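Here's the structure we're looking at; comments come further down.
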Amino acid sequence: TTGRYLLRPSRPVVIGDLESSRGVDEPTILALRGGRLIVVFRGSNVISPAWRTRIQKGTPAHKWFTFSDDGGATWTDPVPWHFGNGEVFYSPATISRFVRDGRGGRTWWLGNVTGPQAYGNGPRYPLAMAAVDESTGFLDRQTLATIDDRDREADAEQLQLSNFEVLEDRQTGRLQVFLTRLGADAADFWGSNAYRYDIELAG
């Protein structure tokens, strides 16, 4: 009624430098149906003598997550995010996004899901999406789908399918992903085209 917010700092989320050499970064947050908050963020397994990193060679790259059951005042220790079946997936140090389907009511996560070769910031493809199980906060493995991937004949290896934004078209119910396919042309890294992907969600 006062038109003011009362803000208090939460307990910081801290990750060990043997798990992520560059801390936590670029979080995306979701309020699950039961009120629990989940934050998913990138880590990094890059090794850099200049930064005096201590992470070991072969440490896998993941998205990490943490829960809060008290409105964000305190958070669980971050651990690798995974599918509901317990399978941990690999993902480089790139952004990701949650988006809730206003018509169907399902929540989706979009980000880069790679193989075990993920190191540092790459590879930044493919760009994928999967539904979030709102009872657990984990991804439904059966819904994992690729939005775009590198064309090995046409795209350079440094292709980035990672700097994107996602919106919902309220008239059509489609998700719209806006993305620049950065680095697709090896001879002109910054001269890349921008695309809009219209995603029709199953009923």
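If you roll a 1.4 Å probe over the heavy atoms of the protein chains, what accessible area per residue do you get for segment 49-164, in Å²?
Values: 5650 Å² over 116 residues.
Per residue, segment 49-164 has an accessible area of 49 Å².
A simple count of charges around GLU26, restricted to other residues whose Cβ falls under 14 Å of its Cβ and scoring Lys, Arg +1 and Asp, Glu -1, yields +3.
Largest first and in whole Å, what are the equivalent-ellipsoid semi-axes of segment 36-191 based on the Cα gyration tensor, each being the root of 5 times an eigenvalue? Show your work: numbers first, answer last.
Values: eigenvalues 134, 109, 36 Å².
Working through the eigenvalues yields semi-axes of 26, 23, 13 Å.
Tell me, what % of the accessible area of segment 11-103 is carbon and sulfur with a 1.4 angstrom probe? Walk me through the numbers on the way to the answer.
Values: 2540 of 4740 Å².
Ligands and nucleic acids excluded, carbon and sulfur give 53 percent.
Find the centroid of the Cα atoms in segment 76-102 and in segment 111-130, then give the distance between the two in whole Å. For segment 76-102 versus segment 111-130, the Cα centre distance is 12 Å. Restricting segment 1-85 to chymotrypsin sites (Phe, Trp or Tyr not before Pro) that sit in a DSSP loop and have at most 16 other Cβ atoms within 10 Å of their own Cβ leaves TYR5. A simple spin-label model places pseudo-atoms 7 Å from Cα toward Cβ; at ASN163 and LYS57 they are separated by 3.2 nm.
Using only side-chain charges placed at the Cβ, +1 for Lys and Arg and -1 for Asp and Glu, the dipole size of the chain relative to its Cα centre rounds to 660 debye.
Over the chain, what is the mean sequence separation of C-alpha contacts under 8 Å (at least six apart), divided by residue count, expressed as relative contact order in percent? Can you show the working numbers first?
Values: 479 pairs, mean separation 28.7, N = 203.
In percent, rounded to a whole number, it is 14.
Working ranking of peptides 178-186, 10-18, 138-146 by packing, defined as the average number of other Cβ atoms within 10 Å per residue, highest first, is 178-186, 138-146, 10-18.
Please say if segment 1-92 is rounded, prolate or oblate, where rounded means a/c under 1.5 for a ≥ b ≥ c the square roots of the C-alpha gyration tensor eigenvalues, and otherwise the choice is prolate for a/b larger than b/c and oblate otherwise? The shape class here is oblate.
Summary of the geometry: segment 176-197 and segment 3-37, compared by the centres of their Cα atoms, lie 30 Å apart. Got a number for the accessible area of ASP69? Probe 1.4 Å, square angstrom, nearest 10. Here the residue's solvent-accessible area equals roughly 110 Å². Classify segment 116-203 as rounded, prolate or oblate, taking a ≥ b ≥ c as the square roots of the eigenvalues of its Cα gyration tensor: rounded when a/c is under 1.5, otherwise prolate if a/b is larger than b/c and oblate if not. Because a/c hits 1.5 or more and a/b fails to exceed b/c, segment 116-203 counts as oblate. A DSSP coil position with no more than 14 other Cβ atoms inside 10 Å describes the following GluC sites (Glu not before Pro) in segment 94-203: GLU153, GLU157, GLU200.
The values are calculated or read from the model by the stated rules, or taken from the named source; none is laboratory data. Keep in mind that what you see is a predicted model, and the values were worked out from it rather than measured. Cβ sites come from the backbone with ideal geometry, for glycine too, and all protein chains shown count toward neighbours. For the accessible areas, the whole protein counts, side chains as well, though only heavy atoms, and no ligand, DNA or RNA atoms are used. Shrake-Rupley method; radii C 1.70, N 1.55, O 1.52, S 1.80 Å.
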